[in-house]
Amino acid sequence: MDDQSVASATFQSQRFQDEFKVEDEETTPACGIASWRPNFLQRFAKPKWFLLFQCWFVLAQGMIVSGFSGVVVSSLEKRFSLKTNEVGIIFSCYDISAAIMAIVVSYYGHHHKPKWLGIGAFILGIGCFLFALPHLLVGRYQPGSSASNLCTSDVFPASLVCRSSVWYHIFFFVLAEVLIGVGATPVYLLGTSFIDENVRHSTSGMFLGIMYAVATFGPAIGFLLGGEFLNIYVDITQPEGVELTPEDSSFIGAWWLGFILGGSLSILVSLPMIAFPRELPGTREIRAEKQDCTDYVADDNMQHTFKQLLPMLKSLLTNKAFVCLALAASFEGFAVSGFSTFLPKFVEAQFRIPAGTAATYTGLVVVPGGSGGMLLGGYLVKRMKWTCDKIIKACFIIACFATLWTFGLFLGCPNRDFVGVTHPYINSSTLGNITSSCNAKCNCDVKYFSPVCSKEDQLTFYSPCFAGCSAGNVIGTKKYQNCSCFPIPLSEGIEESGCKPDCNTLLPFLLCLFGLMVSTFLNNIPATTATLRCVPESQGSFALGIQQLIVRILAFIPSPIVFGFAIDTACRLRQKDPCDDGAEKNCLEYDTDLFRYIMLGVGGSFKALSAVAFFFAWKFYKLPCKVQTEGVGRQDSSPSDVASQITLVDGNDIDKEKKETELTPVAQFITVSNSSNEKLKPVITSFRKTTDV
């Protein structure tokens, strides 16, 4: 290489440095909105403050999507006469809209992540308010008086509630879920990658661990608060003459309060999120440090334009490790989505407890299990200093243990004898009809479901009327004796939620559920970290977006629908439609044994598939090749010497075979020495457009 070429290379290098120096001076990151960027706001331009507001956002999002949504399933079925699969379809609209928006948000949101996060939080709040709107449109709830539930020859005027009259309620639910999905899309796509880009590798795992740990408190708080809200009557005050308690089957709680709370929190956090700059001060120095990490993927900083969308997408989909990690997340997400949506309903039906109590128990397990697993996962990534291949191996081992914990779903309570469904009426041998000769003249209304349990023989009847209980059989508040359909004369019946079989498996079930939560959430931080490290940094948010798109299409969208249809097959008795005898409404009685087998079979299978996908990701992943230079700093090195000292390594050991290396980029690091012997002095620059060596 002659002196003219060396001088030209030096001139180009200096020009690049000057350009980036000017760029740094003109684009100093600052907090504010539009041109309003006061000095007192700049103290918040730090990773810890962004983490605080990001935790606020994920907390609100978790409360709404994974907490309140799962808690209100039974209440929505009762209040709006919906089947389980119909509720599943409504909640799937959240993932459909999120899947459509994922690729847009992750790709174009790369330019200014905090601004997209703030807009998303505001849209999320609007969606929550819209979800609560049907409570105002449907009118006051009429559970029926005690007189309408007794056997009498008088005919009460029917107040028909037809399925065809609630279509607009479903429309508002669907529209609300679409908006909630749009607003919640940026929270993990952009928030996770923004944190990873603005902090060092050594602290990234702990920052993400804190964020995901707080995220687990979202569903937990949603379950706990949702359970308390369900102990409040749906219209706050009960109609005159009605004194229902949460233990009564016809009681419906204030399901809508949680969405008002979650929507308010989302709108409040939107403003501070918008005020953050596109990157925090000091991020460029951190980015330069990351280039020295063993598992750093060479980044060509491809521009995020529509023209580069397909090439970047092709780069991700041809990355075998990334595809396997996305499949693992999909299989895991399928099980998690089904459990989070229907787990409170499962506990309620399985152990015969009120919806509010079931939600509280579920939340008490999710709080320590989920948050503990998140923190432990983040700590392992930070403490063990694993490279990407070891992280994926750990994910495979953890997923295997999580699969074993699903067998705890075998623990449950036996079925109860329901007269007319699983047990015949007296003087009858037929099943499938809750009407018999003993209650044929009682003018019973199927709209009022208020089970009665005969204490002596532990038989459950549809209501006091269908048990043949008249006004003369009342011996106290919700207590009856010697009803015409009781097999044993003088038997006493109690009106609440029906008979509860002897069952002592609730505590062991909750312990197994705790283990399942720990092992499931333990994998979250390592899996996310592995996804970010197996792709170039500038593609991090886009990679998470594509992964979430795959997860939503393969898991979150079909999971509630599949679980809903599967759970509906376990239904033994449905609410009848007074307008159409052939139409069926929400389920009133489940086959608890079949319910357990469905949850274990569907959920456990996908947990096992997740472990298989992690195994193949571990096998396919290879640490990236990285260029190292030895002796480049010696002033007696010639250009040919520098080139001969460049070797390729895979992060573990140096390739012993000699490889050909392109010499052109070396010129960017060479300047002309002023010494008399004119030795060449290599200079390594740190600005962004230099070639990594």
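Which whole-Hz couplings ³J(HN,Hα) result when phi for each residue of the stretch 375-389 is put into the Karplus expression 6.51 cos²θ - 1.76 cosθ + 1.60, θ = phi - 60°, listed in order with x for Gly and Pro?
4, 5, x, x, 5, 5, 5, 6, 6, 7, 6, 5, 7, 4, 5
How far apart, in nm, are two points set 7 Å out from the Cα along the Cα-to-Cβ line at ALA440 and at THR318?
Label-label distance for ALA440 and THR318, simple model: 7.8 nm.
Which value does Rg/Rh take for the stretch 506-609 over its C-alpha atoms, Rh per Kirkwood? Don't skip to the end; give the middle numbers.
On the way: Rg = 19.5 Å, Rh = 17.2 Å.
The Rg/Rh ratio comes out at 1.13.
Go from 0 up to the bin containing the longest alpha carbon distance in the stretch 226-274, width 5 Å each, and give me the % of pairs per bin.
That works out to 5, 19, 22, 16, 11, 9, 7, 5, 4, 2, 0, in percent per bin.
Amide H of GLU589: which non-local residues (sequence gap of 5 or more, or other chain) have their own amide H closer than 5 Å, using H built in the peptide plane?
Sorted by chain and number, the residues that satisfy this are ARG572, LEU573.
Near the amide H of HIS423, under 5 Å away, which other amide H atoms are found, from residues 5 or more places off or on another chain, if H is placed in the peptide plane?
The list, which skips near neighbours in sequence, is PHE418.
If the label point is 7 Å along Cα→Cβ of ILE100, which residues in the stretch 548-573 have backbone nitrogen under 19 Å from it?
Within reach of a label on ILE100: 548-561.
Calculate one ³J(HN,Hα) per residue across the stretch 545-556 by plugging θ = phi - 60° into the Karplus curve 6.51 cos²θ - 1.76 cosθ + 1.60, and present them in order as whole Hz with x for glycine and proline.
x, 5, 4, 5, 4, 5, 4, 5, 5, 8, 10, 5
Using each residue's phi in the stretch 569-575, evaluate 6.51 cos²θ - 1.76 cosθ + 1.60 at θ = phi - 60° and report the 3J(HN,Hα) Karplus result to the nearest Hz, with x for Gly and Pro.
Karplus-based 3J(HN,Hα) across the stretch 569-575 equals 5, 8, 7, 9, 9, 10, 5 Hz.
Computed FRET efficiency, Cβ-Cβ of ILE232 and ARG37, R0 51 Å: what is it to the nearest 0.05?
Details: r = 45 Å, r/R0 = 0.88.
Here the calculated transfer efficiency is 0.70.
What does the highest-first list of 474-480, 491-497, 341-347, 223-229 look like by mean Cβ count within 10 Å? Intermediate values should be presented prior to the final figure.
Working: 474-480: 14.9, 491-497: 20.7, 341-347: 26.3, 223-229: 24.6.
Those peptides, ordered most packed to least, come out 341-347, 223-229, 491-497, 474-480.
Accessible area per residue, 1.4 Å probe, Å², for the stretch 355-440: what's the number? All intermediate terms of the calculation are to be shown ahead of the outcome.
Details: 3880 Å² over 86 residues.
Counting only protein heavy atoms, the per-residue value for the stretch 355-440 is 45 Å².
Could the peptides 256-267, 240-251, 518-529 be put in order, highest first, of the mean number of other beta-carbon atoms found within 10 Å of their residues?
Working: 256-267: 22.6, 240-251: 15.5, 518-529: 25.4.
Per-residue mean Cβ counts within 10 Å order the peptides as 518-529, 256-267, 240-251.
For VAL199, which sequence-distant residues (separation of 5 or more, or a different chain) have an amide H within less than 5 Å of its own amide H, given hydrogens modelled in the peptide plane?
none
What FRET efficiency do you get for GLU240 and HIS112 if R0 is 41 Å and r is their Cβ-Cβ distance, rounded to the nearest 0.05? Before the final figure, lay out the partial values.
Values: r = 56 Å, r/R0 = 1.37.
Efficiency, from the Cβ-Cβ distance: 0.15.
Counting only other residues whose beta carbon sits under 12 Å from that of SER559, what net charge do I get with K and R as +1, D and E as -1? Mind dumping the intermediate values first?
Working: positive: ARG552; negative: ASP95, GLU332.
Its environment carries a net charge of -1.
Which percent of the accessible area of the stretch 306-392 is formed by carbon and sulfur heavy atoms (probe 1.4 angstrom)? Can you show the working numbers first?
On the way: 2230 of 3270 Å².
For the stretch 306-392, the apolar C and S fraction of the accessible surface comes to 68 percent.
Just how far, in whole angstrom, is the stretch 247-276 from the stretch 528-555 if you go by their alpha carbon centroids?
Taking the Cα centre of the stretch 247-276 as reference, the centre of the stretch 528-555 is 29 Å away.
According to a simple spin-label model (label point 7 Å from Cα along Cα-to-Cβ), what is the distance in nm between ILE397 and THR203?
According to this spin-label approximation, the distance is 2.9 nm.
Within the set LYS115/LYS619; LYS447/LYS607; LYS115/LYS622; LYS455/LYS607; LYS441/LYS585; LYS78/LYS441, which residue pairs have Cα atoms separated by over 31 Å?
On the way: LYS115/LYS619 38 Å; LYS447/LYS607 40 Å; LYS115/LYS622 35 Å; LYS455/LYS607 42 Å; LYS441/LYS585 25 Å; LYS78/LYS441 27 Å.
Beyond 31 Å: LYS115/LYS619; LYS447/LYS607; LYS115/LYS622; LYS455/LYS607.
Using 0.36 nm per residue of separation minus the Cα-Cα distance, give me the extension gain between ASP417 and TRP49 in nm, one decimal. List each step's numbers first, then the result.
Details: separation 368, 0.36 × 368 = 132.48 nm, distance 5.74 nm.
Using 0.36 nm per residue and subtracting the Cα-Cα distance, I get 126.7 nm.
Which whole-number value in Å³ per residue fits the convex hull of the alpha carbons of the stretch 185-224? List each step's numbers first, then the result.
Values: hull volume 2.0 nm³, N = 40.
That works out to 49 Å³ per residue.
For a Förster distance of 30 Å, can you work out the FRET efficiency between the beta-carbons of LEU594 and LEU506, rounded to the nearest 0.05? Intermediate values should be presented prior to the final figure.
Numbers: r = 19 Å, r/R0 = 0.64.
In this case the efficiency is close to 0.95.
At q = 0.17, 0.20 Å⁻¹, what log₁₀ I(q)/I(0) does a Debye calculation on the Cα points of the stretch 376-451 give, no solvent, two decimals?
Taking Cα atoms of the stretch 376-451 as identical point scatterers yields -0.81, -0.95.
Scale the Cα Rg of the stretch 483-563 by the rule-of-thumb value 2.2 N^0.38 Å and send over the ratio, two decimals. Intermediate results must be reported in sequence, preceding the final value.
Numbers: Rg = 24.7 Å, N = 81, 2.2 N^0.38 = 11.7 Å.
Dividing the Cα radius of gyration by 2.2 N^0.38 Å gives 2.11.
Within the set of other residues whose C-beta is less than 15 Å from the C-beta of THR357, count the net charge using Lys and Arg as +1 and Asp and Glu as -1.
Working: positive: LYS345, ARG352, LYS500; negative: GLU228, GLU247, ASP248, GLU348, GLU496.
Here the charged neighbours net out to -2.
Any idea what diffusion coefficient the stretch 56-147 gets from Stokes-Einstein, in µm²/s, Kirkwood Rh on alpha carbon pairs, 25 °C, 0.890 mPa s?
Working: Rh = 15.6 Å.
Answer from the Stokes-Einstein relation: 158 µm²/s.
How would you order 387-395, 409-417, 59-67 from highest to lowest mean count of nearby Cβ atoms within 10 Å? Walk me through the intermediate numbers first.
Numbers: 387-395: 22.6, 409-417: 18.2, 59-67: 27.4.
So the peptides 387-395, 409-417, 59-67, ranked by packing, come out 59-67, 387-395, 409-417.
The values are calculated or read from the model by the stated rules, or taken from the named source; none is laboratory data. Computed from a prediction, not measured in an experiment: that's the story for all the values here. Counting neighbours? That spans all protein chains shown, and the Cβs are built from the backbone with ideal geometry, glycine included. Only protein heavy atoms, including side chains, enter the accessible area calculation; ligands, DNA and RNA are left aside. Shrake-Rupley method; radii C 1.70, N 1.55, O 1.52, S 1.80 Å.
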